[in-house]
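What follows is one structure encoded as structure tokens, with my remarks underneath.
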Amino acid sequence: MPLLAHRTWPAPAAPGGPYSGTCAGLELPLGAPGLAWRARVPPATAIAWPDLAQGPQLVALAEELGDFVVRKKDGVAAYQVASVLDDQRLGVNFIVRGQDLRASTAAQLWLAGWLPAHAGFTQTRFLHHGLLLDDTGQKLSKSTQTSQQRGMLAEATAPQVVYRAVAALLGLPAGAGESLATLRAALPTSAPS
């Protein structure tokens, strides 16, 4: 995988993508301190996969995400790398995430192709759902949990607490969250049209 080192200040966004390539031509040494590393994504890179909710997906990775960070300036693996490695280490083979993370899925599938020991990640099944919003219209996510959401999950003594919360968020009928079986039965069997 071709790598690119870039300086520590925030890289400006390009009109057509998230990274303008400011440091691409500087040939900064990868071993220099305080530099992040980006994966060089070739211009025509397109990643395809079957999505269990949205059907066949095709992401033009270079256009949608561009050269993305794989090592942060502090030397720690960036999100895309950490996700692939953790999911493989933990044996994850089914990932459910919001539609806003389609480009991340494409980046992770592309990365896995460069990591022979983690090529099994390319067999992972994905389901990208519409974003779930709270009462104020804000996206619900792990990173933006309210103290109430954190408390509910921390105090959950049975899986039904989570099943009921998911059923309520999805607007499913009463009783749909009583068990995993009732939750599955209440979910649509095909992608929305």
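The values are calculated or read from the model by the stated rules, or taken from the named source; none is laboratory data. None of the values given here were measured: they were computed from a predicted structure. No Cβ is skipped: glycine too gets one built from the backbone with ideal geometry, and neighbour counts run over all protein chains shown.
Here are some notes:
- Where a residue in the range 119-136 is closer than 14 Å to LEU101 by Cα and touching a residue at least 60 places away in the same chain (Cβ under 8 Å) and its partner, wherever it lies, is surrounded by fewer than 13 Cβ atoms within 10 Å (Cβ to Cβ) and among the charged types (D, E, K, R), with Cβ under 9 Å and at least six apart: HIS128/ASP100
- Conditions (1) exposed (fewer than 15 other Cβ atoms within 10 Å of the Cβ); (2) assigned to a helix (DSSP H, G or I); (3) at pLDDT 60 or above: number failed by THR182: (1)
- Residue count for the range 114-126, restricted to those that are surrounded by 14 or more Cβ atoms within 10 Å (Cβ to Cβ), assigned to a helix (DSSP H, G or I) and of a type in the set (A, V, I, L, M, F, W, C): 1.
- Neighbours by Cβ (under 6 Å, 6+ apart or cross-chain): first from the range 19-43, modelled with pLDDT of 80 or more; second of a type in the set (Asp, Glu) and surrounded by 11 or more Cβ atoms within 10 Å (Cβ to Cβ): ARG38/ASP67; ARG40/ASP67; VAL41/ASP67
- Yes/no for VAL84 being of a type in the set (Val, Ile, Thr), buried (at least 19 other Cβ atoms within 10 Å of the Cβ), under 20 Å from SER104 (Cβ atoms) and at pLDDT 90 or above: yes
- Of the set (1) at pLDDT 80 or above; (2) touching a helix residue (DSSP H, G or I) at 6+ places or on another chain (Cβ under 7 Å), all apply to GLY16 but (1).
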